[in-house]
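**Q** Mind looking over this structure? Questions follow.
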Amino acid sequence: MNKPADIFPKVISHAKEYGYVFPSSEIYDGLGAIYDYGQYGVELKNNIKAYWWKAMVQMNENIVGLDSAIFMAPKIWKASGHVDNFSDPLIDNKDSKRRYRADVLLEDKIQQYQKKGKTDKAAELETAMGKCLTENDLAGLKNLILEHEIVDETGSKNWTDVRQFNLMFSTQMGALAEGSEETYLRPETAQGIFVNFLNVQKTSRQKIPFGIAQIGKAFRNEIVARQFLFRMREFEQMEMQYFVRPNAEIEWYNYWKEKRMNWHLSLGIPAENYRFHDHAKLAHYANAACDIEYEFPFGFKEVEGIHSRTDFDLSRHQEFSGKKLQYFDPELNQNYVPFVVETSIGADRMFLLILCNAYTEEVLEDQSTRVVLKLPPVLAPIKVALLPLMKKDGLPEKARAIFDDLRFQFHCQYDEKDAIGKRYRRQDAIGTPYCITIDHQSLEDDTVTIRFRDTMEQKRIPINGILAIVKEELNEEKMLRGI
């Protein structure tokens with residue numbers, strides 16, 4: 001089982017107190033569902049992205065990278081279906097004036113039924129909701145909300161009709177207002193990959209099957225942006241589009257489902273906290289789709305999507321642009337529009353997952369509470385903290401010398417303020433996996449004490465052995481080989 005629901009406010013508070021996440025524009029009372037990453041948050045997020053990139057690009061010789069622009073030709077979004085189809089079912093409560101996604105209200109009710117053991121009711125509601133979403137039956141969605149007596153956060157059941165709400169942010173591009181052209185902030189990074197398919201394929205000389213990976217910002221005018229970093233209006237995606245032969249897409253879809261789940265488990269997160277969830281309603285471009293869901297303190301929610309996108313995207317861009325987006329397969333001696341399997345993971349949601357999984361409160365023998373972030377060491381913002389026992393007798397100089405050597409290998413931190421116990425607690429709260437304490441014995445025999453965050457075990461080691469021990473503990477190579 002995952003952490004209890006009441007831990008979530010503590011995670012949010014901890015993230016701000018220890019420099020992981022700040023509300024954006026906070027001195028101006030903030031901006032809804034927009035956040036800034038602090039000094040440790042940016043390091044953790046960069047480490048998540050680097051670990052994904054290594055697993056996806058560095059470890060696969062047939063996957064290459066791309067960084068496409070946020071602004072793209074407006075016609076792209078017509079071709080992709082976003083102008084006509086990229087919307088969510090919106091419903092308002094007449095009494096509280098609060099706005100909700102109708103499908104999310106129903107999904108929450110399904111989870112309530114499941115927790116109460118009412119599996120038949122949950123399955124019945126899920127089937128009915130899927131049918132309404134597939135048929136775009138907005139009246140049917142409202143009827144389900146009424147039938148299952150779903151209330152809003154204030155307890156009101158007084159609902160408006162359900163209506164569709166397009167999620168794209170529009171903007172104007174051009175120097176003069178009268179001559180400007182309406183375009184959009186991209187709602188996903190995938191289209192930048194599709195329109196560059198031939199550019200990348202030809203210049204990288206890749207053969208089918210091959211993939212293009214990208215990390216980048218996307219923007220969605222979410223109806224209800226909530227649950228901290230889980231649903232934001234500005235967020236970052238880590239996506240890979242894998243181009244395959246027609247009729248081979250389901251085989252590769254199943255391959256990437258397993259591969260991506262293994263990536264999550266390689267970080268040491270318990271397998272019982274994950275599950276696959278097949279989509280009740282397939283997107284207009286897909287013939288198979290599922291989510292990897294993680295059990296957050298507020299329930300199982302999507303972290304990553306795996307989709308078989310068929311040849312929809314390339315075919316549509318070929319049609320709308322008038323340019324051929326086909327691949328000549330020398331083994332088959334024919335041209336075809338490749339099919340695509342997509343893996344798409346939210347960097348911010350993965351960041352939140354890592355925080356929720358890591359946040360731990362431990363009651364010690366003296367009845368004090370130790371708050372520790374048990375981050376996977378490979379992702380931890382600070383790998384090693386150098387702590388001189390006292391600010392005198394040459395200990396700071398010795399600690400600084402070790403610090404200067406180690407920081408070429410790892411992100412390190414030097415800390416000499418407060419008693420050693422307080423410094424240990426501070427590093428525990430930051431999530432630093434290894435603390436090195438330099439004392440008077442260090443001056444005599446060049447040994448130090450290494451303390452391990454998760455167990456609080458301490459042992460004496462030679463200074464020239466620190467690098468090898470930390471490298472072995474991190475062992476990123478072993479983790480990547482296991483994926």
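**Q** Looking only at the stretch 53-66, filter to residues that are closer than 18 Å to residue 262 by Cβ and of a type in the set (Val, Ile, Thr); which one of those is nearest to the chain's Cα centre (by Cα)?
**A** By that ranking, first place goes to 57.
**Q** Within the stretch 362-389, can you find the residues that are outside any loop (DSSP other than H, G, I, E, B), touching a residue at least 40 places away in the same chain (Cβ under 8 Å) and farther than 24 Å from residue 404 by Cα?
**A** Selection gives 370, 371, 372, 373.
**Q** Out of everything in the stretch 431-445 that is assigned to a loop (DSSP other than H, G, I, E, B) and out of contact with any strand residue (DSSP E or B) (no Cβ under 6 Å at 6 or more places or on another chain), what residue ends up being farthest from residue 390 (Cα to Cα)?
**A** 433
**Q** Tell me which residues, restricted to the stretch 3-16, are surrounded by 11 or more Cβ atoms within 10 Å (Cβ to Cβ) and touching a residue at least 40 places away in the same chain (Cβ under 8 Å).
**A** Passing the criteria: 3, 5, 7, 8, 10, 11, 12, 14, 15.
Residue-by-condition table, conditions (1) of a type outside the set (A, V, I, L, M, F, W, C); (2) crowded, with 19+ Cβ neighbours inside 10 Å:
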{"residue": "383", "(1), (2)": "yes, yes"}
{"residue": "395", "(1), (2)": "no, yes"}
{"residue": "407", "(1), (2)": "yes, no"}
{"residue": "417", "(1), (2)": "yes, no"}
{"residue": "424", "(1), (2)": "yes, yes"}
{"residue": "460", "(1), (2)": "yes, no"}
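**Q** Provide a single number: the residues in the stretch 278-288 that are surrounded by 15 or more Cβ atoms within 10 Å (Cβ to Cβ) and either touching a Cys at 6+ places or on another chain (Cβ under 6 Å) or within 22 Å of residue 60 (Cβ to Cβ) (or both).
**A** 1
**Q** What residue, of 50, 79, 15, 69, is over 19 Å from the mean Cα position of the chain (by Cα), more than 25 Å from residue 156 (Cβ to Cβ), of a type in the set (A, V, I, L, M) and modelled with pLDDT of 95 or more?
**A** Only one candidate qualifies: 69.
**Q** Now, a different point. Can you tell me which residue is nearest to the chain's Cα centre (by Cα) among those in the stretch 250-270 that are in a helix (DSSP H, G or I) and either modelled with pLDDT under 95 or closer than 28 Å to residue 11 by Cβ (or both)?
**A** 264
**Q** Within the stretch 336-361, can you find the residues that are part of a strand (DSSP E or B), among the aromatic types (Phe, Trp, Tyr) and closer than 22 Å to residue 272 by Cα?
**A** The answer is 359, and nothing else.
**Q** Something else: So which residues in the stretch 308-359 are over 28 Å from the mean Cα position of the chain (by Cα) and either among the β-branched types (Val, Ile, Thr) or not assigned by TED's automatic domain parsing to the domain that holds residue 198 (or both)?
**A** 337
Residue-wise test of (1) in the same structural domain as residue 173 (by TED's automatic domain parsing); (2) over 30 Å from residue 321 (Cα atoms).
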position	(1), (2)
22	yes, yes
55	yes, yes
62	yes, no
102	no, yes
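**Q** When residues of the stretch 271-319 are filtered for being touching an Asp or Glu at 6+ places or on another chain (Cβ under 9 Å) and part of a strand (DSSP E or B), how many remain?
**A** Qualifying residue count, the stretch 271-319: 25.
**Q** I'd like the full set of residues that are surrounded by fewer than 18 Cβ atoms within 10 Å (Cβ to Cβ), without any contact (Cβ under 8 Å) to a residue 60 or more places away in the chain and closer than 12 Å to residue 99 by Cα, limited to the stretch 152-164.
**A** Within the stretch 152-164, just 153 meets the criteria.
**Q** Considering only residues that are in contact with a strand residue (DSSP E or B) (Cβ under 8 Å, 6 or more places away or on another chain) and either crowded, with 16+ Cβ neighbours inside 10 Å or over 12 Å from residue 200 (Cα atoms) (or both), which ones fall in the stretch 55-69?
**A** 56, 57, 60, 63, 64, 65, 66, 68 - these are the residues of the stretch 55-69 that are in contact with a strand residue (DSSP E or B) (Cβ under 8 Å, 6 or more places away or on another chain) and either crowded, with 16+ Cβ neighbours inside 10 Å or over 12 Å from residue 200 (Cα atoms) (or both).
**Q** Kindly indicate the residue of the stretch 462-477 that is surrounded by 11 or more Cβ atoms within 10 Å (Cβ to Cβ) and closer than 30 Å to residue 257 by Cα and also nearest to the chain's Cα centre (by Cα) among those meeting that condition.
**A** Top of the filtered list is 476.
**Q** On to the next question. Can you tell me which of (1) of a type in the set (A, V, I, L, M, F, W, C); (2) free of Cβ contacts under 8 Å to residues at least 40 places away in the same chain; (3) crowded, with 20+ Cβ neighbours inside 10 Å is the one residue 21 doesn't meet?
**A** (2)
**Q** Only one residue in 133, 167, 144, 105 is touching a residue at least 24 places away in the same chain (Cβ under 8 Å), touching a Cys at 6+ places or on another chain (Cβ under 8 Å), surrounded by 14 or more Cβ atoms within 10 Å (Cβ to Cβ) and not basic (Lys, Arg), so which one is that?
**A** 144
**Q** Can you report the number of residues in the stretch 446-458 which are surrounded by 19 or more Cβ atoms within 10 Å (Cβ to Cβ) and either of a type in the set (A, V, I, L, M, F, W, C) or assigned to a helix (DSSP H, G or I) (or both)?
**A** Residues flagged as surrounded by 19 or more Cβ atoms within 10 Å (Cβ to Cβ) and either of a type in the set (A, V, I, L, M, F, W, C) or assigned to a helix (DSSP H, G or I) (or both) within the stretch 446-458 amount to 2.
**Q** Among the residues of the stretch 46-76, count how many are part of a loop (DSSP other than H, G, I, E, B) and free of Cβ contacts under 8 Å to residues at least 40 places away in the same chain.
**A** Looking only at that region, the number is 1.
**Q** I need every pair where a residue in the stretch 217-240 that is under 24 Å from residue 9 (Cβ atoms) and touching a residue at least 40 places away in the same chain (Cβ under 8 Å) has its Cβ under 7 Å from the Cβ of a residue that is in a loop (DSSP other than H, G, I, E, B) and among the aromatic types (Phe, Trp, Tyr), sequence separation at least 6 or different chains.
**A** Here the result reads 227/298, each pair linking the stretch 217-240 to a residue that is in a loop (DSSP other than H, G, I, E, B) and among the aromatic types (Phe, Trp, Tyr).
**Q** Out of everything in the stretch 82-102 that is at pLDDT below 90 and of a type in the set (Asp, Glu), what residue ends up being nearest to residue 284 (Cα to Cα)?
**A** 84
**Q** Do we have any residue at all in the stretch 175-183 that's surrounded by 14 or more Cβ atoms within 10 Å (Cβ to Cβ), touching a Pro at 6+ places or on another chain (Cβ under 8 Å) and at pLDDT below 90?
**A** Checking the stretch 175-183: at least one residue is surrounded by 14 or more Cβ atoms within 10 Å (Cβ to Cβ), touching a Pro at 6+ places or on another chain (Cβ under 8 Å) and at pLDDT below 90.
The values are calculated or read from the model by the stated rules, or taken from the named source; none is laboratory data. Computed from a predicted structure; not experimentally measured. No Cβ is skipped: glycine too gets one built from the backbone with ideal geometry, and neighbour counts run over all protein chains shown.
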